[in-house]
1. Restricting attention to segment A:54-75, and to residues there that are assigned to a loop (DSSP other than H, G, I, E, B) and within 9 Å of another protein chain (Cβ to nearest Cβ), which single residue is nearest to A:GLY192 (Cα to Cα)?
2. Given the residues B:ARG360, B:ARG400, B:ARG374, which is the only one that is within 30 Å of A:LEU164 (Cα to Cα) and surrounded by fewer than 16 Cβ atoms within 10 Å (Cβ to Cβ)?
3. Can you name the number of the only condition in (1) aliphatic (A, V, I, L, M); (2) within 26 Å of the chain's Cα centre (by Cα); (3) surrounded by fewer than 17 Cβ atoms within 10 Å (Cβ to Cβ) that B:ALA121 fails?
4. So which strands (runs of 3 or more DSSP E) stay within segment B:169-225 end to end and still have 1 or more residues that are assigned by TED's automatic domain parsing to the domain that holds B:PHE93 and surrounded by fewer than 16 Cβ atoms within 10 Å (Cβ to Cβ)?
5. What is the number of the single condition among (1) in contact (Cβ under 8 Å) with a residue 24 or more places away in the chain; (2) surrounded by 13 or more Cβ atoms within 10 Å (Cβ to Cβ) that A:ILE69 does not meet?
6. Looking at A:LEU48, A:LEU21 in this structure, which one is modelled with pLDDT of 90 or more, assigned to a strand (DSSP E or B) and of a type in the set (A, V, I, L, M)?
7. Please work out if B:LEU33 is surrounded by 16 or more Cβ atoms within 10 Å (Cβ to Cβ), over 27 Å from B:GLU98 (Cβ atoms) and within 14 Å of chain A (Cβ to nearest Cβ).
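The values are calculated or read from the model by the stated rules, or taken from the named source; none is laboratory data. On a predicted model such as this, the values are computed, not experimentally measured, just so you know. Positions of Cβ are backbone-derived with ideal geometry, glycine not excepted, and every protein chain shown enters the neighbour counts.
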Amino acid sequence: MIKLENVNKVYRTERVETLALENINLDVAPGEFVSIMGPSGCGKSTLLNLIGLLDAPTKGKLSIADATINGAGDRKLARFRNEKLGFVFQSFHLVSDLKIVDNVEIPLLYRKMSGGERRKLAQQALDRVGLASRIHHFPTQLSGGQQQRAAIARAIVGKPRILLADEPTGNLDSAMGEEIMSILHDLNQNDGTTIVMVTHDERFARRTDRIVRLFDGRQVA
Amino acid sequence: MRTNFKLALKILGRRKFFTFISLFGISLTLVVLMVATAVLDNLFAPREPEQNFDRTLGIYRVVLRGPHGTESMNPGFKYLDTWVRPLPGVEKFGITSEPSSTATYVGGERIDVVLRHTDGAFWQILKFRFLQGRPFTKTEDDSGARVAVITNELGQKLFGPASPIGKTISIQGDAFRGIGVVPAVPITRQVAWGEMWVPIGSYPSSDYRTQFMGNFIGLVMAKSAADLPRLRNEYATVVARIPVPDPAQFNELESHLDTTFESWVRPFFRGGARRQGVTLARGILVLVGLLFMALPALNLITINLSRILERSSEIGVRKAFGAPRRSLVSQFVMENVVLTLIGGALAFALSAAAIAMLNRASLFPNLQFDLNLRIFGYGMLLAVVFGLVSGVYPAWRMSRLHPVNALRGGAQ
């Protein structure tokens, strides 16, 4: 489902060149739930951004859902992200000016679909994460756990095959973290969604199928 | 498009302070532009009783140049009669004097009167609405009949509620009989303005008939507006062969068939620029309008650019979930256009209020400004241009944000 071969990522400024990822080889099978762990600054988020096509590798080959991505243009990448990938961020990134249901509809805005159909799918996604009664609230009117559930609804509303979660429990207390993890496991086990999750929490990582460990940009396990 | 429109309304409704500041700048600018347009429209558009001025041009000035100086005056009767009256293919040709101040006395009280001398054709070119009586005719002008058309305001001053028809008005020792009453005309109607009109033939002396330069205006009405360029060319050909009077002093004669707007702006330009002056003046007006619009547009661009940081997370999310650059640009441009259209509608309402205040203030007698649909159309067009100009660049910048940086909250 996800395949990285000899991937490097180098960040260049006028003065310095930083090797963020070095020679990463990763193969994630369909329906697998993989955790990425490592100390701060080791390249976890960079790796997730590469898998999420938000950034491009400096070297190496990247295949997602059986398609080689290297060198694709803005429109092709945008369409690919829209159809195949869902994102969950540590700080939720809900648009504060929009109601929860409008936030959840965002991925569907870039598909050919009627407003009514969009609304129906958004309500179903919110129902799935237990927020059916909060659709007309604004993000600031919800707790952190509820906001993250809304963000998961947004990530799954387009029924992507791959879900990428960047420290989804990082801003939540343990009870809320548990809630989020159980939703992710439910998506993985019942829908067969492939999940790659960056986390600092060993407890949550152990409950996934596999842990990939990074250190100073290198894959150590 | 519809989704972006709805989204724009939602965002603007939530960002009340930004919306208020932006609308304030946009509507204030548009109010000034729309009021200025209404004033210009009132000054120069063909309006009662100058409805026919969309196909009527005037000879307002004759300029004589020579090595020792320049003389610029209104044309005299002889000039108009000899050189302009015979122009071929003209529907009507009329002559009126410039307005002059004179006075009459009622019961020992002095009443000032703005007087014009006109011929019979003047009343066929200008469409005065007669409240009572009739205009005078060519025959009455030719015979020097002492008849007069006056405004209802002057009639009220002279005769109170009684009808002025058949009554005598003494001007400069001559007794004129009232034969017609028309509504008062605002001073901004350059050719129509006056309080009393009498035949040219009623001048006490016939000296005016021999004058090359004088105090008249010649009015040339074409069969249609499309015929005006031909008439201008005909007149230019005629002017080229008019013998210059007093060749010892002057060696060049210049005169044009002008609209009222052209007659206003032409004196501001000298020498060769005088000929291109009208185009230049129009260009200057458009430029002033654009510069005036540029200030709030730049302000809006600055506000929008500063909002890139504020909205970077939203941009990052949209990109992550599949928004191509073009969608982001159209979303942000739509937000701006909606904002400026609301500003345009607001400006129209505010302009109507400002014009009502101007009318109540009665800055000029009988002058009523109004906003019409054409001006509203211009206003909305300006608003859309305004929205596009101030929206496209910030939208392009926003759409170019790198998604990873945008999600981190940076604007690089």
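1. Within segment A:54-75, the first condition is being assigned to a loop (DSSP other than H, G, I, E, B), and the residues that meet it are A:54-58, A:65-66, A:69-73.
Filter once more, keeping what is within 9 Å of another protein chain (Cβ to nearest Cβ): A:54-55.
On the way: A:LEU54: 23, A:ASP55: 26 Å.
Filtering segment A:54-75 for residues that are assigned to a loop (DSSP other than H, G, I, E, B) and within 9 Å of another protein chain (Cβ to nearest Cβ), the one nearest to A:GLY192 (Cα to Cα) comes out as A:LEU54.
2. On the way: B:ARG360 fails: within 30 Å of A:LEU164 (Cα to Cα); B:ARG374 fails: within 30 Å of A:LEU164 (Cα to Cα).
Matching residue, one of B:ARG360, B:ARG400, B:ARG374: B:ARG400.
3. (3)
4. On the way: elements: B:174-182, B:196-199, B:216-221.
Here the list reads B:174-182.
5. Against the list (1) in contact (Cβ under 8 Å) with a residue 24 or more places away in the chain; (2) surrounded by 13 or more Cβ atoms within 10 Å (Cβ to Cβ), A:ILE69 comes up short only on (1).
6. Details: A:LEU48 fails: assigned to a strand (DSSP E or B).
Every option except A:LEU21 fails the conditions.
7. Values: surrounded by 16 or more Cβ atoms within 10 Å (Cβ to Cβ): yes; over 27 Å from B:GLU98 (Cβ atoms): yes; within 14 Å of chain A (Cβ to nearest Cβ): no.
Answer is no for this residue.
For (1) within 30 Å of A:ALA78 (Cβ to Cβ); (2) within 11 Å of another protein chain (Cβ to nearest Cβ); (3) free of Cβ contacts under 8 Å to residues at least 24 places away in the same chain; (4) more than 31 Å from the chain's Cα centre (by Cα), each residue gets a yes or a no:
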{"site": "B:GLY343", "(1), (2), (3), (4)": "no, no, no, no"}
{"site": "B:LEU346", "(1), (2), (3), (4)": "no, no, no, no"}
{"site": "B:ALA353", "(1), (2), (3), (4)": "no, no, yes, no"}
{"site": "B:PHE364", "(1), (2), (3), (4)": "no, no, no, no"}
{"site": "B:LEU401", "(1), (2), (3), (4)": "yes, no, no, yes"}
